[in-house]
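> Pasting a structure here, questions to come.
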Amino acid sequence: MTQVVGGPSLPQERKLVTSIPGPKSQEMLARKNAAVAAGVGVALPVSIVAAGGGVMVDADGNSLIDLGSGIAVTGVGNSAPAVVEAVVNQVQQFTHTCFTVTPYDGYVKVAEKLNELTPGTHEKRSALFNSGAEAVENAIKIARHYTKKTAVVVFDHGYHGRTNLTMGMTAKNMPYKDGFGPFAPEVYRVPTSYPFRDGLSGADAAKVALTQIEKQVGAANLAAIIIEPIQGEGGFIAPAAGFLPALQEWATANNVVFILDEVQTGFARTGDMFAANHEGVVPDLMTTAKGIAGGLPLSAVTGRAEIMDSAHAGGLGGTYAGSPIACAAALATIDTYEKENLTERARQIGAIIDEFFGELAKNDDRIGEVRGRGAMKAVEFVVSGSQEPNAALTGAIAKQAGEQGVVLLTCGTYGNVVRFLPPLAISDELLREGLQVVADALAAN
């Protein structure tokens, strides 16, 4: 069996001893409904008590294959030993001081590592925060302060968070925005590159977007362009080659800060440490979170020193921003990515998914496209004989997979995409078994 990196010593197997959800999970769900706000939904109603490698174990003793990694968070595996050890050691030293009151070494070490790892050889600075949305908000703050301009351009199908500003930046209405407005002003949306649906080259798609920016916003008003190098919630849309470099080139020429949102794509997920590297794109600012700290809440903005340093002292920070516990976890997590060569592991995982669904697609035209990079893969489902989104099929597949012990996530503006974000610690055997469960669900529907 392929070696599993990280995680407690849980049997790496799918095992169902009750229906999903089992009686203990149902009991927890009833308590959840009575105690937790209804707006906090769940994708699969199971009560998890342990997780590691490529599995999650629920309160009823079922062992489920994890193809979601808590939405790309536990790339090194859940409860990875190095992360657990680092967290325990830090908790025994101190849990909190607030870095902006009395600083500590862990925060500085994380900043140094991010400055080293992120694209570009220019001088950089980093600032740490708690969540992806918080990192995005601060990147926009910094860009506006630096340029003395206010407008922000985002893209169709983009997702940037759930705060007021980032909801305004996010494209998808339900469930993220509906009824929560009004949103922050000076956010403008332009077309993205969606090769499966627009058929455009990267250069042509960029021309469409940039023309709209110039005519409807104006470079003189624009502080920042922000885009995910592969759109996450929007459907794992990888832009056509040349699209991102064209945006970057235009932004540089027009004194516009070019921001890459690598909250979901960052840290080995796409088969490189950052998705920007696939096309040699060097952003002015980059936001990271999710896979940065092995499951602990941490995010960052990293970028050009002159831009990052433009904000006045006290303008950036937060009570828990750069928690010492999360920083300890991040250093152990990044060390694991590097020592275990998990970028290569992500490429191996991607090749397995490509081959598996490539074969299925030969005989099932409801598979519209298999796309993504590394261990960030997706299948877009359509109505047979068309490109019409097939959300009903997608939902049925996810539901049946869950009932058969596979944690599977969906996404896409049209609700018709299944996304694969397995832990990079998963074995080939477990991955293939999980994919087969998904294939069986497709065949049954």
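Each reported figure results from applying straightforward, stated rules to the coordinates on display, with no laboratory input. No experiment lies behind these values; they were computed from the predicted model shown. A quick note on method: Cβ atoms are made from the backbone with ideal geometry, for glycine too, and the neighbour counts reach across all protein chains shown.
> Restricting to DSSP H runs of at least four residues, report the calculated mean residue ellipticity at 222 nm for the chain, -39500 (n - 2.57) per run over all residues, nearest 500 deg cm²/dmol.
About -11500 deg cm²/dmol.
> Strictly greater than 44 Å: what percent of every Cα pair in the chain meets that?
I get 9 percent for the Cα pairs in the chain exceeding 44 Å.
> Can you name the helices of the chain, as whole DSSP H runs, whose Cα span along the helix axis is 30 Å or more and whose Kyte-Doolittle mean is not below -1.0?
none
> Also, quick follow-up: Pull out the extension gain between GLN93 and MET174, defined as 0.36 nm times the separation in residues minus the alpha carbon to alpha carbon distance; nm, one decimal.
My answer for the length gained is 24.8 nm.
> What is the order of SER193, SER310, SER323, fewest Cβ neighbours within 10 Å to most?
So the residues, fewest neighbours to most, are SER310, SER323, SER193.
> Going down the list LYS149/LYS177; LYS207/LYS399; LYS148/LYS172, which pairs span over 31 Å between their C-alpha atoms?
The pairs that break the limit, which is 31 Å between Cα atoms, are LYS207/LYS399.
> Right, next: Output the peptides 33-41, 365-373 sorted from most to least packed, where packing is the average of other Cβ atoms within 10 Å over each peptide's residues.
Put in order of decreasing packing, that is 365-373, 33-41.
> Right, here's the next one. Quick one: compute the contact order of the chain, relative version, from alpha carbon pairs under 8 angstrom and 6+ residues apart, as a percent.
Averaging sequence separation for qualifying contacts and normalising by length gives 23 percent for the chain.
> Need the C-alpha centroid separation for region 225-262 versus region 176-213, integer Å.
11 Å
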